[in-house]
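Undergrad: Here it is, the structure, as structure tokens.
The values are calculated or read from the model by the stated rules, or taken from the named source; none is laboratory data. In this text the structure is predicted, and so the values were computed from the model without any measurement. Using ideal geometry, Cβ is built from the backbone for each residue, glycine included, and neighbour counts are taken over all protein chains shown.
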Amino acid sequence: MTSTVGRGMRVAELARAVGVRPDTVRYYERAGLLPAPARTATGYRAYDDGAVDRLRFIQGAQRLGLRLADIRSLLAVRDTGTCPCEPAETLLRRRMAEVDAEIARLAALRAEMATMAEALPAADCPPPSPGTWCPPAGRR
């Protein structure tokens, strides 16, 4: 939009209302998540109340771990007036699978760390070789 409007919310006001930095608002605009706002006669951005709702939607989607491209897609559906529930379900199920895989990876890592921690300290542990955690098996 390039029309001239009244006061509206400036970038800093919008950012403060949502709890982000002004640079974040500008970034979302450049990334296509937030439509370019109208401008005042002096060239300042003038956001309407819909921008607050949109930024809160973006924040909620980010808390769920959705990628900006996914959020952009959901917003595009939402902007048509159609409920984005079906595409959101697909994205959320994919994200849950990613979270489940990460939980499994972290559980395996934790088990490995617990096994190592239980073996420490060892009374017969010689000083390690430079650059290693423990000396090679043949040196014990």
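Undergrad: Taking the stretch 44-88 on its own, how many of its residues are surrounded by fewer than 13 Cβ atoms within 10 Å (Cβ to Cβ), over 20 Å from the mean Cα position of the chain (by Cα) and under 23 Å from Glu13 (Cα atoms)?
TA: Number satisfying all stated conditions: 2.
Undergrad: A further question follows. Taking the condition closer than 30 Å to Val11 by Cα and surrounded by 11 or more Cβ atoms within 10 Å (Cβ to Cβ), does Ala41 pass?
TA: On the way: closer than 30 Å to Val11 by Cα: yes; surrounded by 11 or more Cβ atoms within 10 Å (Cβ to Cβ): no.
Against the criterion (closer than 30 Å to Val11 by Cα and surrounded by 11 or more Cβ atoms within 10 Å (Cβ to Cβ)), Ala41 does not qualify.
Undergrad: Now, a different point. Quick one: which of Ala15, Ala36, Ala41, Ala104 is modelled with pLDDT of 95 or more and more than 19 Å from the chain's Cα centre (by Cα)? Don't jump to the end; show me each part of the working.
TA: Working: Ala15 fails: more than 19 Å from the chain's Cα centre (by Cα); Ala36 fails: modelled with pLDDT of 95 or more; Ala41 fails: modelled with pLDDT of 95 or more.
Of the residues listed, the single one that is modelled with pLDDT of 95 or more and more than 19 Å from the chain's Cα centre (by Cα) is Ala104.
Undergrad: Condition check: touching a helix residue (DSSP H, G or I) at 6+ places or on another chain (Cβ under 7 Å) and on the phi > 0 side of the Ramachandran plot. Does Gly32 satisfy that?
TA: Details: touching a helix residue (DSSP H, G or I) at 6+ places or on another chain (Cβ under 7 Å): yes; on the phi > 0 side of the Ramachandran plot: yes.
Yes.
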